[in-house]
Every structure is written in structure tokens, then in C-alpha cells.
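My questions all concern the structure below.
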Amino acid sequence: MTLLRLERVTAGYDGAPAIRDLDLTVETGETVALLGPNGAGKTTTLRTISGFIRPMGGRVGLDDRDTRGTAPHRLARAGISHALEGHGVFSGLTTGEHFRLGRRGQRLDTERAREHFPALVPLWERRAGLLSGGEQQMLALALALARRPRLLLIDELSLGLAPAIVQRLLPVVRRYAADIGAGVLLVEQNPHLALEMADRAYVLVHGRVVNHGPADAMRRDPELLVGSYLGAA
Ligand code: ATP
């Protein structure tokens, strides 16, 4: 079933569109990458989906229900989780305390999180402030997934992290999300990393989709991707 459907969405800032006539879908259990150069409108797309920006035109549907005008906290309750860098990680709390305390009385699936992120287990009693950047990001993602979101939005995981760390983290996120039937929409500047683990991808240039399709086809046809990027220059 289609979890998320954007139809001809136009959105931006102060009446100036940053994305135009955008069509995009994410299915249940699917990982979709949103690629494109700086300023293409990737972050704007995520903010529109999570309700921080109200579209000027078009329709955003979650389970086929129109989300326009729904406040971000309500969309969060409906299962849209927007993972921002270091979001929800507190330096004074241990890894384990993050799971025990949860958020707003929400029950977290700690056991499943430990199974999918075994690297967190030896860090259970360590304060988050003493974790490396990659470990903090892993904790933030594990917490986001332990809340059992329907749709996880991830913005630029590779920012500030070594590619090798991202390469290890992304497949874990994908497996975990597929396990709980969540969709993932992943914004990445590094197309190689993203295409390795996504099911499908969209390329955004100047706020418009210039290319989309199965990730493996895009990987095999790098010119398609490079051409889209060069088109932006
Ligand atoms: P990057 O990878 O550089 O973050 P992006 O693809 O995520 O790029 P967006 O951040 O969505 O792109 O930006 C799209 C356009 O909207 C850009 O022209 C940007 O300058 C503009 N923009 C982004 N945020 C704001 C804002 N808060 N106010 C006004 N304009 C903004």
C-alpha cells in the first residue's frame, strides 16, 4: 500500500517556491532516496512532509489522507518521524536511559533496537556525551526506529560522518525499517551511498524531479545521474 503520496506539490518560503509540481511516493517497508545538488529542495521536501512547511499547491497524503494543515506534532503522532542530526540525544543520559525514559510516555521497542543495533549494547551504560559522532547518530536512529514510526525521514546522514560509518549504518536502518514495515525517505548528497541501499530514488534539481526509478538501474547508469547533476550547473 502507498504510505506517502505527494501530488504536484509546490512549496517554499515567503511565497517563493523551492519545490515545484513534485510527485513522489513511498510504499510501506520501502527505502527511497532523494538526491540532488545543494539547494535543490531536498530539505524543503522533508519539511513539507513533516508539516513544518505548508504547501502552496498540490496534495500530501499519508495513507491517502490529506495532511495539509496538520501540525507537525500531530503528524509525528500519526507516525512521521523526522530524524535530525543528534535530535533527541541528551549528553547527560546513558544510552540505556534514553530507551528507558522514552518520550511522552511512548513505549519503545528496546529489544528490537538492541537486535538491529548490536553495536549499541556495549555502550548501554555510557553517557551519550561520551559517544562518538557516529555512535550518537546511531543512537538517534535506533531511538527513532524504536518508536515504531510509519515513515522515517532522514536528512543528510553523511553530513559530518565518515562514509564508512554511513555505509554501515544505512543497511541497518533499511533492514530495521523493513522489519517493522516502515517507509524511509532518505535525503543524501552522496548518490553512491544512497543508491547502494535504497529501493528507488528521485533526483531533484532546481526544485523539480528530473529523474526517478529503481536504485539499481540508476546505479548501473551513472550517466543518467551525473547528467542530472551537471544539468544543474
Ligand atoms: P542542501 O543540500 O544544500 O541542504 P537542499 O536540496 O536540501 O539543499 P533546500 O534546503 O530545500 O535544498 O533549499 C531549497 C531552496 O530554498 C534554496 O534556494 C534555499 O536557499 C531556499 N531555502 C531553504 N530554507 C529557506 C528558508 N528558511 N528561508 C528561505 N529560503 C530557504
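Assign unit charges at the C-beta atoms only (+1 for Lys and Arg, -1 for Asp and Glu), then state the dipole size of the chain relative to its Cα centre in Debye, rounded to the nearest 20.
Approximately 740 debye in magnitude.
Can you list, bin by bin at 10 Å, the percent of alpha carbon pairs in region 124-187, starting at 0?
20, 54, 25, 1
Follow-up question, since we're still on this one. Hey, what's the Kirkwood Rh for region 91-164 if you take every pair of different alpha carbons, in angstrom?
12.8 Å
Would you kindly compute the Cα radius of gyration of the chain and its largest Cα-Cα separation (Dmax), both in Å?
17.4, 49
For the chain, what is the mean residue ellipticity at 222 nm derived from helices alone (per DSSP H run of n ≥ 4: -39500 (n - 2.57); sum divided by total residues; nearest 500 deg cm²/dmol)? Mind dumping the intermediate values first?
Numbers: 9 runs with 83 residues, N = 233.
-10000 deg cm²/dmol, from helical runs alone.
Let me ask you something else. Considering only C-alpha atoms, what is the centroid distance from region 174-197 to region 128-159, in Å?
Taking the Cα centre of each part, region 174-197 and region 128-159 sit 13 Å apart.
Across 5 Å bins from 0, what is the distribution of all Cα-Cα pair distances for region 33-171, in whole percents?
Final binned percentages: 2, 9, 18, 20, 19, 15, 10, 6, 1, 0.
Read-outs: derived from the displayed coordinates by stated rules, not from any lab. Since the structure is predicted, the reported quantities are computational estimates derived from the model, not experimental observations. Ideal geometry is used to build each Cβ from the backbone, glycine not excepted, and the neighbour counts take in all protein chains shown.
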